[in-house]
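Enquirer: Got a structure here, written out as C-alpha coordinates. Questions coming.
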Amino acid sequence: MGTVLDGELVAGDGRASSFYGLATLMATRPHRRPGRVSFVAFDVLALDGRRTTARPYRERRQLLEGLGCFGPAWCTSRCWTGVGVGDLLAACDGLDIEGIVAKRLDSPYRPGQRSSDWVKIKTPAWRTEHGPYRHEHDRGARATGGQTAGSVA
(Lines give C-alpha, C1' and ligand atoms only; values in the text may rest on other atoms or scores of the structure.)
Protein backbone atom coordinates (compact mmCIF):
# COMPACT_ATOMS: atom_id res chain seq x y z
CA MET A 1 0.00 0.00 0.00
CA GLY A 2 2.84 2.46 0.68
CA THR A 3 1.64 5.99 1.43
CA VAL A 4 -1.82 7.20 0.39
CA LEU A 5 -2.77 10.87 0.50
CA ASP A 6 -6.14 12.58 0.11
CA GLY A 7 -6.25 15.95 -1.60
CA GLU A 8 -7.34 17.93 -4.62
CA LEU A 9 -5.96 18.92 -7.99
CA VAL A 10 -5.51 22.65 -8.33
CA ALA A 11 -5.28 24.19 -11.78
CA GLY A 12 -3.39 27.32 -12.79
CA ASP A 13 -3.15 29.88 -10.02
CA GLY A 14 -5.65 28.10 -7.78
CA ARG A 15 -8.63 30.32 -8.47
CA ALA A 16 -12.04 28.80 -9.12
CA SER A 17 -11.97 30.10 -12.69
CA SER A 18 -8.69 28.23 -13.31
CA PHE A 19 -10.30 24.92 -12.33
CA TYR A 20 -13.33 25.42 -14.53
CA GLY A 21 -11.06 26.35 -17.44
CA LEU A 22 -9.14 23.11 -16.93
CA ALA A 23 -12.33 21.04 -16.72
CA THR A 24 -13.61 22.54 -19.97
CA LEU A 25 -10.27 21.99 -21.73
CA MET A 26 -10.02 18.36 -20.62
CA ALA A 27 -13.61 17.62 -21.58
CA THR A 28 -13.37 19.16 -25.06
CA ARG A 29 -9.71 18.46 -25.90
CA PRO A 30 -8.45 15.52 -23.82
CA HIS A 31 -5.30 15.18 -25.96
CA ARG A 32 -4.08 18.70 -25.10
CA ARG A 33 -1.76 19.39 -22.23
CA PRO A 34 -3.86 21.11 -19.52
CA GLY A 35 -1.27 23.62 -18.27
CA ARG A 36 -0.05 23.85 -14.70
CA VAL A 37 -1.81 21.41 -12.37
CA SER A 38 -0.73 20.79 -8.77
CA PHE A 39 -1.78 18.30 -6.12
CA VAL A 40 -2.64 19.75 -2.70
CA ALA A 41 -2.65 17.12 0.06
CA PHE A 42 -4.91 17.59 3.08
CA ASP A 43 -4.96 14.16 4.72
CA VAL A 44 -2.92 10.94 4.96
CA LEU A 45 -4.84 7.65 4.75
CA ALA A 46 -1.89 5.26 4.94
CA LEU A 47 1.77 5.70 5.82
CA ASP A 48 4.50 3.16 5.18
CA GLY A 49 1.92 0.49 4.43
CA ARG A 50 -0.15 1.08 7.59
CA ARG A 51 -3.65 2.51 7.51
CA THR A 52 -4.10 5.74 9.45
CA THR A 53 -7.84 6.23 8.85
CA ALA A 54 -8.87 5.23 12.41
CA ARG A 55 -6.59 7.84 13.96
CA PRO A 56 -8.04 11.27 14.77
CA TYR A 57 -7.43 14.01 12.20
CA ARG A 58 -5.14 15.82 14.64
CA GLU A 59 -2.69 12.85 14.49
CA ARG A 60 -3.10 12.34 10.73
CA ARG A 61 -2.37 16.01 10.20
CA GLN A 62 0.89 15.73 12.16
CA LEU A 63 1.87 12.72 10.04
CA LEU A 64 1.04 14.63 6.85
CA GLU A 65 3.06 17.66 7.87
CA GLY A 66 5.97 15.37 8.75
CA LEU A 67 6.11 14.14 5.15
CA GLY A 68 7.32 17.53 3.90
CA CYS A 69 5.15 17.46 0.77
CA PHE A 70 6.36 20.60 -0.95
CA GLY A 71 7.54 20.72 -4.53
CA PRO A 72 6.88 22.28 -7.92
CA ALA A 73 3.66 20.26 -8.48
CA TRP A 74 2.51 19.29 -4.99
CA CYS A 75 2.16 20.71 -1.49
CA THR A 76 0.33 20.28 1.79
CA SER A 77 -2.63 22.57 2.45
CA ARG A 78 -2.30 25.12 5.22
CA CYS A 79 -4.19 24.32 8.40
CA TRP A 80 -5.62 26.74 10.94
CA THR A 81 -7.14 25.95 14.32
CA GLY A 82 -8.85 28.46 16.56
CA VAL A 83 -9.71 30.77 13.63
CA GLY A 84 -13.36 31.49 12.91
CA VAL A 85 -14.94 30.03 9.79
CA GLY A 86 -16.15 33.50 8.80
CA ASP A 87 -12.61 34.91 8.94
CA LEU A 88 -11.25 32.08 6.79
CA LEU A 89 -14.05 32.45 4.25
CA ALA A 90 -13.48 36.21 4.05
CA ALA A 91 -9.78 35.59 3.34
CA CYS A 92 -10.70 33.03 0.66
CA ASP A 93 -13.17 35.45 -0.88
CA GLY A 94 -10.49 38.13 -1.09
CA LEU A 95 -8.16 35.70 -2.89
CA ASP A 96 -10.87 34.30 -5.21
CA ILE A 97 -10.45 30.86 -3.66
CA GLU A 98 -13.37 28.43 -3.61
CA GLY A 99 -13.59 27.98 0.16
CA ILE A 100 -12.35 25.82 3.01
CA VAL A 101 -12.44 22.23 4.18
CA ALA A 102 -13.31 22.00 7.88
CA LYS A 103 -12.51 18.79 9.74
CA ARG A 104 -13.16 17.88 13.35
CA LEU A 105 -9.78 17.37 15.00
CA ASP A 106 -10.93 14.21 16.78
CA SER A 107 -12.57 12.59 13.73
CA PRO A 108 -11.43 9.43 11.95
CA TYR A 109 -11.35 9.26 8.16
CA ARG A 110 -14.38 7.45 6.78
CA PRO A 111 -13.59 6.34 3.21
CA GLY A 112 -16.53 6.68 0.83
CA GLN A 113 -18.84 8.21 3.44
CA ARG A 114 -20.12 11.74 3.86
CA SER A 115 -20.05 12.96 7.42
CA SER A 116 -20.60 16.16 9.37
CA ASP A 117 -17.04 15.62 10.67
CA TRP A 118 -15.69 16.84 7.30
CA VAL A 119 -17.37 19.63 5.36
CA LYS A 120 -16.38 21.74 2.41
CA ILE A 121 -17.66 25.28 2.85
CA LYS A 122 -17.79 27.54 -0.20
CA THR A 123 -17.53 31.31 -0.07
CA PRO A 124 -20.74 33.24 -0.77
CA ALA A 125 -19.13 34.70 -3.90
CA TRP A 126 -18.28 31.21 -5.20
CA ARG A 127 -21.81 29.98 -4.59
CA THR A 128 -23.25 33.00 -6.42
CA GLU A 129 -20.99 32.60 -9.44
CA HIS A 130 -20.55 28.81 -9.69
CA GLY A 131 -23.26 27.26 -7.53
CA PRO A 132 -25.97 27.29 -10.20
CA TYR A 133 -23.67 25.32 -12.52
CA ARG A 134 -22.46 22.66 -10.12
CA HIS A 135 -24.12 20.29 -7.66
CA GLU A 136 -22.87 21.22 -4.22
CA HIS A 137 -22.97 19.25 -0.95
CA ASP A 138 -22.27 22.30 1.20
CA ARG A 139 -23.67 21.89 4.68
CA GLY A 140 -22.12 25.16 5.78
CA ALA A 141 -20.67 26.31 9.06
CA ARG A 142 -23.56 24.97 11.14
CA ALA A 143 -22.22 21.43 10.66
CA THR A 144 -18.73 22.17 11.98
CA GLY A 145 -19.53 22.30 15.71
CA GLY A 146 -16.76 21.14 18.00
CA GLN A 147 -13.07 21.76 17.56
CA THR A 148 -12.21 21.94 13.86
CA ALA A 149 -9.29 22.63 11.62
CA GLY A 150 -9.77 24.63 8.45
CA SER A 151 -7.75 24.18 5.29
CA VAL A 152 -8.03 26.23 2.14
CA ALA A 153 -9.85 24.23 -0.52
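The values are calculated or read from the model by the stated rules, or taken from the named source; none is laboratory data. From a predicted model like this one, the values you see are computed outputs, not experimental measurements. Backbone-built Cβ (ideal geometry, glycine too); neighbour counts: all protein chains shown.
Enquirer: So is ASP93 charged (D, E, K, R), in contact with a helix residue (DSSP H, G or I) (Cβ under 9 Å, 6 or more places away or on another chain), farther than 29 Å from ALA125 by Cα and modelled with pLDDT of 85 or more or not? Talk me through it step by step, then tell me what you get.
Expert: Working: charged (D, E, K, R): yes; in contact with a helix residue (DSSP H, G or I) (Cβ under 9 Å, 6 or more places away or on another chain): yes; farther than 29 Å from ALA125 by Cα: no; modelled with pLDDT of 85 or more: yes.
Taking the combined requirement at face value, the residue does not satisfy it.
Enquirer: Looking for whichever is more than 13 Å from the chain's Cα centre (by Cα), within 25 Å of ARG127 (Cα to Cα) and of a type in the set (S, T, N, Q) here; the options are THR53, THR81. Which one fits?
Expert: THR81
Enquirer: Please go through the stretch 92-128 and pick out each residue that is touching a strand residue (DSSP E or B) at 6+ places or on another chain (Cβ under 8 Å) and among the aliphatic types (A, V, I, L, M).
Expert: ILE97, ILE100, VAL101, ALA102, LEU105, VAL119, ILE121
Enquirer: Count, please, the residues in the stretch 23-63 that happen to be aliphatic (A, V, I, L, M) and either modelled with pLDDT of 95 or more or under 23 Å from ARG78 (Cα atoms) (or both).
Expert: Filtering the stretch 23-63 down to residues aliphatic (A, V, I, L, M) leaves 23, 25-27, 37, 40-41, 44-47, 54, 63.
Narrowing further to those that are either modelled with pLDDT of 95 or more or under 23 Å from ARG78 (Cα atoms) (or both): 37, 40-41, 44-47, 54, 63.
Count: 9.
Enquirer: For the stretch 116-153, how many residues meet the condition of being modelled with pLDDT of 85 or more and either within 17 Å of GLY84 (Cα to Cα) or part of a helix (DSSP H, G or I) (or both)?
Expert: Narrowing the stretch 116-153 to residues modelled with pLDDT of 85 or more: 116-124.
If we keep only those that are either within 17 Å of GLY84 (Cα to Cα) or part of a helix (DSSP H, G or I) (or both) as well, we get 117-124.
Looking only at that region, the number is 8.
Enquirer: Can you tell me how many residues in the stretch 91-115 are surrounded by fewer than 16 Cβ atoms within 10 Å (Cβ to Cβ), part of a loop (DSSP other than H, G, I, E, B) and of a type in the set (Gly, Ala, Ser)?
Expert: Number of matching residues: 1.
Enquirer: If VAL85 meets every condition in (1) over 19 Å from ARG61 (Cβ atoms); (2) surrounded by 14 or more Cβ atoms within 10 Å (Cβ to Cβ) apart from one, which number is that one?
Expert: The one condition VAL85 does not meet is (1).
Enquirer: Can you tell me how many residues within the stretch 48-82 are aliphatic (A, V, I, L, M) and in a loop (DSSP other than H, G, I, E, B)?
Expert: 3
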